[in-house]
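*Asks:* Shown below is the structure under consideration.
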């Protein structure tokens, strides 16, 4: 699918008890149900030429017309914000997102986001599947997290990249500074994550939540913190931060999930991180269009991450290097 492409499908069998949005979700598995509901409400999806509701019951013989929308610049304006491009071709873009930059416009962050910068860089030629506020965005990073972020330039790339994320074939490896002694030095945390029962803006390990798996390896254990390489096998909100806190070694600089541990780090060493020390170091996936080409991109850690590592290492000289 190219941006703004018209697509038509004919319903072959009446879907008893089904809804249009659910039916389309089964056809376009990598497009979220919320995105489909939005497209129906905005008139981009019509049945037999008429506007319908997401609850419309699909009937045999009906024709569904879909107009995948282009991003509208009246919602996210292009801004000449510098980008560190790690990889680019006609179908996708991988950038090194700086810490402090919000990925897409949202309440309180309408401008100066990564989307604004990418719209300017790509001259507006981006996938529209993510909606007018999130053109090209297939996955996200927290505001304070730096590192690799892949962006789809067209709908075909978006659908294929989203499929790879959904099927968990994308390898996402992070570097993190973790408070205290990280034990064991190699391990994994497999605990379900959901919204915190009383603090709704936070996530937590919750029985009955969504499955989540994080594996890690300590690159260097310092007396008061560890430099850790970690991989997320699922994509839950704040997954690394929640799992590391649960395991007893919260991320350095995490004011939400590691306040007590970071206070102890400050009292012990005098060091206080300027931000969350989490960096999306490497991303690996199949090229969304050729599919035969494997893409592996690495983003070098930013200066503040390297400086924090140096500061923690220099408090004592008996740091333990785990790697051979």
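*Asks:* Dividing the convex hull volume of the Cα atoms of segment 5-99 by its residue count, what figure in Å³ per residue is obtained?
*Replies:* 141
*Asks:* For segment 196-298, place one equal point scatterer on every Cα, skip the solvent, and apply the Debye formula. What is log10 of I(q)/I(0) at q = 0.18, 0.19, 0.20, 0.23 Å⁻¹?
*Replies:* -0.96, -1.04, -1.10, -1.30
*Asks:* Taking the highest mean first, how do the peptides 5-15, 79-89, 135-145 order by number of other beta carbon atoms within 10 angstrom per residue?
*Replies:* Per-residue mean Cβ counts within 10 Å order the peptides as 135-145, 79-89, 5-15.
*Asks:* Please report the base-10 log of the normalised intensity I(q)/I(0) for segment 241-321, using a Debye sum with one equal scatterer per alpha carbon and no solvent, at each q in 0.13, 0.23 (1/Å).
*Replies:* Log10 I(q)/I(0), no solvent term: -0.55, -1.13.
*Asks:* Here's another thing I want to ask about it. Compute the normalised compactness of segment 85-166: alpha-carbon radius of gyration over 2.2 N^0.38 Å, N being the residue count.
*Replies:* The value comes to 0.99.
*Asks:* In addition: Rank-order 293-306, 164-177 by packing density, defined as the average count of other C-beta atoms within 10 Å over each peptide's residues, highest first. Don't jump to the answer; show the numbers that get you there.
*Replies:* On the way: 293-306: 15.6, 164-177: 18.6.
Result, highest mean Cβ count within 10 Å first: 164-177, 293-306.
*Asks:* Please order 277, 191, 203, 101 by the number of other Cβ within 10 Å, starting at the fewest.
*Replies:* Values: 277 27, 191 18, 203 24, 101 21.
Result, fewest neighbours first: 191, 101, 203, 277.
*Asks:* Follow-up question, since we're still on this one. Hey, what number do you get for the chain at 222 nm if only DSSP H runs of n ≥ 4 count, each worth -39500 (n - 2.57), divided across all residues, to the nearest 500? Mind dumping the intermediate values first?
*Replies:* Details: 7 runs with 69 residues, N = 324.
Estimated from H runs of four or more residues: -6000 deg cm²/dmol.
*Asks:* Can you give the Rg and Dmax of the chain based on its C-alpha atoms, in angstrom?
*Replies:* 21.9, 74
*Asks:* Considering the convex hull of the alpha carbon atoms of segment 152-215, report its projected area averaged over all viewing directions, in nm², one decimal.
*Replies:* Working: hull surface 27.6 nm².
Answer in nm², one decimal: 6.9.
*Asks:* For the Cα atoms of the chain, what angle does the longest principal axis make with the long axis of helix 259-269, in degrees from 0 to 90, nearest 10?
*Replies:* 30
Only the coordinates and a few stated rules stand behind these numbers; no lab work does. Model, not experiment: these values are computed from the prediction. Backbone-built Cβ (ideal geometry, glycine too); neighbour counts: all protein chains shown.
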